[in-house]
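I have placed the structure first, in the form of structure tokens, so that the comments after it can refer back to it.
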Amino acid sequence: MTPLSALQKYFGYSAFRHQQEAIIQHVLNKQDVMALMPTGGGKSLCYQLPAVLLNGLTIVISPLIALMKDQVDSLNVSGIPAAFLNSSQNPDEQRQLAEKLKNNQIRLLYLAPERLFGAENKLVPFLKTLNVVQIAIDEAHCISSWGHDFRPEYLMLAQLKTEFPKVPVIALTATADKLTQKDILEKLNLHNPAVFVSSFNRENITYRVTPKRNSFKQLTDFLNERKDESGIIYCLSRKSTEELADDLKSAGFSAEPYNAGLSNDVKAKNQEAFLRDDVKIIVATIAFGMGINKSNVRYVVHMDLPKNIEGYYQETGRAGRDGLPSEVMLLYSPGDAGKLQHFARIEGNEEQSRIMLNKLNDMVMYCQLQSCRRQYLMKYFDEAFPPNCGSCDVCLTEFKRFDGTLIAQKALSAVARLNERFGVNYVIDFLRGSKSEKIREEHKQLKTYGIGADISKPDWQRYIRELITTGYLQMGGQEYPILNLTPQSQAVLKGLQKVEFIESETTEETHTHHEAPPHEAELLSRLKRVRNDIAHNENVPAYVIVSDATLLEMATFLPQNLDELRLISGFGDVKLARYGRELLQPVKDYCKEKGLESKIAYKSPKRERKAKTERAERAPKTRKTNDTKMETFTMYRHGKGVAEIAAERGLSPMTIESHLSHFIESGEIDVLEIVPAAKVPVIKDAVESYGSEMLSPLKQILGDDYSYGEIKAVISWMNKGGRFS
Ligand code: ADP
Ligand code: ZN
């Protein structure tokens with residue numbers, strides 16, 4: 001099977017995202033890989049797909065035991081056998097799992113690192129007796145003390161390549177910074193690894209920063225527009241998460257707190273309730289969220305200023321993993337920056353304090369931006385991005401702009417005159433012709449001294465900030481921050497490049513919301529209800545069944561049968577068989593009520609074409625088959641078995657089986673000639689539950705003891721009426 005057909009079959013997706021395909025190819029070629037992708041980019045698939053393609057065991061190292069269950073549920077729902085090993089399992093369960101592993105019945109095994117390499121551990125010798133084909137390390141930045149989430153137990157993973165030298169290792173993280181990247185590669189001892197860095201842009205997220213005034217009212221206004229949606233609200237202190245959750249509850253919202261100070265029971269309960277949509281809002285400190293793969297988080301609110309851009313980007317990244325439009329809002333008050341400055345200073349560690357303060361400063365800059373926030377974020381992660389994203393509050397606001405080329409030239413020439421050796425405040429004082437003795441005498445003699453006296457200090461700060469974000473100036477300096485020119489500066493100084501500034505600080509938003517695709521809202525909520533019922537019955541979170549994005553596509557393209565449903569993103573074979581019919585029913589009912597028809601023709605021409613050609617190939621053959629079926633039947637009646645007939649006729653056993661099925665349906669062969677009596681009710685039951693449209697999911701559900709031939713035979717017999725003669 002090719003990676004692409006496995007993507008369709010098991011995950012129901014029609015195309016790879018980012019560099020998934022190249023990453024997967026490397027793993028299949030047994031090479032070590034490090035993949036950096038933003039949250040929601042689709043990292044899991046990079047090891048899950050090789051895991052289904054390779055006939056062996058994939059070990060997945062993941063930091064949070066609580067989240068393994070979710071991952072394993074999701075895989076099992078898609079018909080991929082997966083399991084996790086943790087301390088909550090009793091010896092009996094562990095023995096059963098070991099048995100399955102020995103029989104090569106598990107494709108993915110999730111483990112915490114300390115399970116693997118903890119004291120007196122017999123797990124590694126056991127795993128070495130198995131056919132381990134891949135090792136995936138999720139949240140690989142946890143191995144680096146440079147990262148924001150260092151976990152000492154990850155350091156044990158350094159032994160992996162020694163213990164499993166031949167097994168390809170794939171390290172995955174959403175942490176972009178270079179230092180952490182380098183650290184991961186070194187600490188894991190990867191062999192000649194291929195490194196894949198995807199764009200960190202999250203285009204479905206709208207970024208907003210709002211001046212903090214009456215924060216509770218601002219928050220409830222925001223939440224009132226999103227009553228049925230899930231979201232995370234981050235606060236700085238544990239206490240405020242609990243107070244805010246209480247206040248929200250009193251105001252009628254479905255909210256629970258989460259912070260490191262709560263008991264494990266309460267934390268687990270609140271997290272679980274959130275994952276299952278029983279609670280809509282989680283009010284949390286940054287302790288919450290790592291590895292949370294709830295895909296339908298529609299918004300993230302920061303009630304307080306985050307300490308740095310890295311953390312902020314991770315936290316906001318938890319919105320919209322399903323790719324649907326999502327919003328993040330930060331309530332900013334300059335006072336917060338002051339409070340954090342206090343925290344950033346670490347006694348006795350000047351170096352560390354300076355780094356932390358600089359990071360905080362970058363965060364403050366972000367809040368004060370008057371240019372595209374996305375561009376700033378991308379630039380922070382060393383990625384070029386055009387100046388107008390169209391989906392941040394700045395880009396969504398109509399600003400009055402004016403030609404600021406002259407102002408820019410003044411600023412740039414001041415920086416040049418001062419030999420690029422001074423910070424923002426000095427440059428501004430110099431431009432404004434400050435009489436202060438801080439300005440050196442020799443500088444007061446320069447022609448540029450005082451050329452910007454007509455502009456106020458706050459305005460100068462704003463202009464310089466903008467010149468930095470637009471790349472005409474940059475911050476440099478070892479000991480203290482200084483302003484430098486950039487390669488783009490010259491064009492402005494020479495008058496070849498115009499610069500625009502925003503007229504004033506007061507802004508008015510014109511349009512705020514993303515345009516939603518035209519879908520049937522009422523149908524969507526009916527579909528959600530049906531999905532939630534299924535999830536409830538199967539005891540898994542709703543998004544494990546199918547994602548919101550999948551339901552939205554259904555409510556948009558209105559599929560009328562399983563063939564059409566297969567074209568909806570997110571339906572692999574097993575999901576289609578298990579839940580397809582149940583989810584189709586509300587669509588069909590709704591369309592009947594409203595007199596609507598399928599719009600599937602508007603969707604994804606690629607897969608549609610494929611489905612059509614398959615059908616076209618099959619059609620003309622049907623006429624000839626009567627004779628060939630007859631021939632098989634005659635041989636069968638002469639006492640020959642399936643394998644024998646297949647060999648003699650030069651056809652596949654599958655073909656022979658389907659010939660015979662034809663005669664079961666016509667009543668000329670009794671089903672019990674082909675299928676042992678005990679198996680018939682089991683197969684019948686599976687067909688009744690999951691439908692007969694597709695065999696391979698039935699085969700997966702029934703397991704190795706049941707052959708395709710037997711399944712086909714029972715289906716034919718059921719078509720005939722399903723009675724024993
Ligand atoms: P990450 O671990 O990088 O944060 P996930 O692996 O959780 O992201 O993937 C985010 C979502 O995107 C999941 O719902 C996943 O099923 C979906 N996804 C992954 N790859 C694809 C793809 N090629 N096409 C469509 N959806 C995808
Ligand atoms: Zn923007």
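To the nearest 500 deg cm²/dmol, what mean residue ellipticity at 222 nm is calculated for the chain from DSSP H runs of n ≥ 4 alone, each contributing -39,500 (n - 2.57), summed and divided by the residues?
Mean residue ellipticity, 222 nm, calculated: -14000 deg cm²/dmol.
What residues have an amide H closer than 5 Å to that of Leu473, excluding those fewer than 5 places away on the same chain, when H is modeled at 1.01 Å from N in the peptide plane?
Ile468
Semi-axes of the equivalent ellipsoid of region 4-74: what are they in whole Å, largest first, if each equals the square root of 5 times a C-alpha gyration tensor eigenvalue?
18, 15, 14
Of all accessible surface on the chain at a 1.4 Å probe, what whole percent is carbon and sulfur?
Carbon and sulfur atoms account for 50 percent of the accessible area of the chain.
May I ask you to evaluate 6.51 cos²θ - 1.76 cosθ + 1.60, the Karplus curve with θ = phi - 60°, for each residue of region 414-425 and list the ³J(HN,Hα) values in order in whole Hz, giving x for glycine and proline?
Whole-Hz 3J(HN,Hα) from phi for region 414-425: 4, 4, 5, 4, 8, 6, 6, 10, 10, x, 4, 5.
Counting pairs of Cα atoms in the chain, how many percent are more than 47 Å apart?
Roughly 31 percent, rounded to a whole number.
As an exercise, use a Förster radius of 45 Å and the Cβ-Cβ distance of Phe343 and Gln585 to find the FRET efficiency, rounded to the nearest 0.05.
My answer for the efficiency is 0.25.
Rounded to the nearest 10 degrees, what's the angle between the helix 264-275 long axis and the longest principal axis of the chain, both from Cα atoms, 0 to 90?
Between helix and principal axis, roughly 80 degrees.
So, in Å, what gap is there between the alpha-carbon centers of region 231-253 and region 546-584?
A separation of 36 Å, based on Cα centres.
Between Ile482 and residues 5 or more places away or on another chain, which pairs have amide H atoms under 5 Å apart, with H built 1.01 Å from N, and which residues are they?
For Ile482, whose amide H was placed from the backbone, the distant partners under 5 Å are Gly476, Gly477.
In the P(r) worked out for region 62-178, what percent of Cα pairs fall beyond 21 Å?
Percentage above 21 Å: 39.
Which entries of Lys528/Lys588; Lys122/Lys182; Lys599/Lys720; Lys575/Lys712 show an alpha-carbon separation above 24 angstrom in the structure shown?
Flagged as over cut-off: Lys122/Lys182; Lys599/Lys720.
Using only the Cα atoms of region 3-197, what do you get for the radius of gyration and for Dmax, in Å?
Cα radius of gyration and Dmax of region 3-197 are 15.7, 46 Å respectively.
About the Cα centre of region 413-458, what is the dipole size in debye to 20, counting +1 per Lys and Arg Cβ and -1 per Asp and Glu Cβ, all else neutral?
20 debye
Using 17 Å as the cut-off for backbone N distance, which residues of region 247-281 belong to the label zone defined by a point 7 Å from the Cα of His536 along Cα→Cβ?
Output list for this probe position: 273-280.
Amide H to amide H under 5 Å from Thr58: which residues, 5+ apart in sequence or cross-chain, H placed 1.01 Å off N in plane?
Excluding prolines and chain starts, which carry no amide H, the hits are Leu108, Leu109, Val133.
Quick check for you: with a 1.4 Å probe and neighbouring chains kept, what is the accessible area per residue of the chain, in Å²?
47 Å²
Given an 8 Å cut-off on Cα distances and at least 6 residues of separation, report the relative contact order of the chain as a percent.
Here the relative contact order equals 11 percent.
Over the alpha-carbon set of region 400-504, divide Rg by the Kirkwood Rh and report the Rg/Rh ratio to two decimals.
0.94
HN-Hα J couplings of region 678-693 from phi, Karplus 6.51/-1.76/1.60, θ = phi - 60°, integer Hz, Gly and Pro as x?
3J(HN,Hα) across region 678-693, in whole Hz: 5, 7, 4, x, 5, 5, 4, 4, 4, 5, 5, 7, 10, x, 10, 5.
Suppose we keep just the DSSP beta bridges with both residues in the chain; what percent of those would be antiparallel, to 5?
Here the antiparallel bridges make up roughly 15 percent for the chain.
Measure off 7 Å from each Cα along the Cα-to-Cβ vector at Lys100 and Ala453, then give the distance between these two points in nanometres to one decimal.
The modelled label-to-label distance comes out at 8.1 nm.
If you fit an axis through the alpha-carbon atoms of helix 215-224 and take the longest principal axis of the Cα set of the chain, what angle between them do you get, 0 to 90°, nearest 10?
30 degrees
Please work out the Cα center distance from region 56-85 to region 449-494, rounded to the nearest Å.
51 Å
Would you work out the charge dipole size for region 3-197 about its Cα centre, treating the Cβ of every Lys and Arg as +1 and the Cβ of every Asp and Glu as -1, and quote it to the nearest 20 debye?
480 debye
Once R0 is set to 25 Å, what does the formula 1/(1 + (r/R0)^6) return for the Cβ-Cβ distance between Glu225 and Asn358, expressed as a FRET efficiency to the nearest 0.05?
Given R0 = 25 Å and the Cβ-Cβ separation, E is 0.10.
HN-Hα J couplings of region 478-489 from phi, Karplus 6.51/-1.76/1.60, θ = phi - 60°, integer Hz, Gly and Pro as x?
8, 7, 9, x, 10, 8, 10, 6, 10, x, 7, 4
Expressed as cubic angstrom per residue, what is the convex hull volume of the alpha carbon set of region 81-122?
Looking at region 81-122, the number lands at 76 Å³ per residue.
Can you give me the angle between helix 43-53 and the longest principal axis of the chain, using Cα atoms only, in degrees from 0 to 90, rounded to the nearest 10?
Computed tilt is about 20 degrees.
Across region 426-575, what fraction of all alpha-carbon pairs, as a whole percent, falls in each successive 10 Å bin from zero upward?
9, 22, 17, 7, 12, 17, 11, 5, 0
The values are calculated or read from the model by the stated rules, or taken from the named source; none is laboratory data. Please read all numbers here as calculations on a predicted model, not as lab measurements. We place every Cβ from the backbone using ideal geometry, glycine too, and count neighbours over all the protein chains shown. SASA here: full protein model, heavy atoms, side chains in, ligands and nucleic acids out. Shrake-Rupley method; radii C 1.70, N 1.55, O 1.52, S 1.80 Å.
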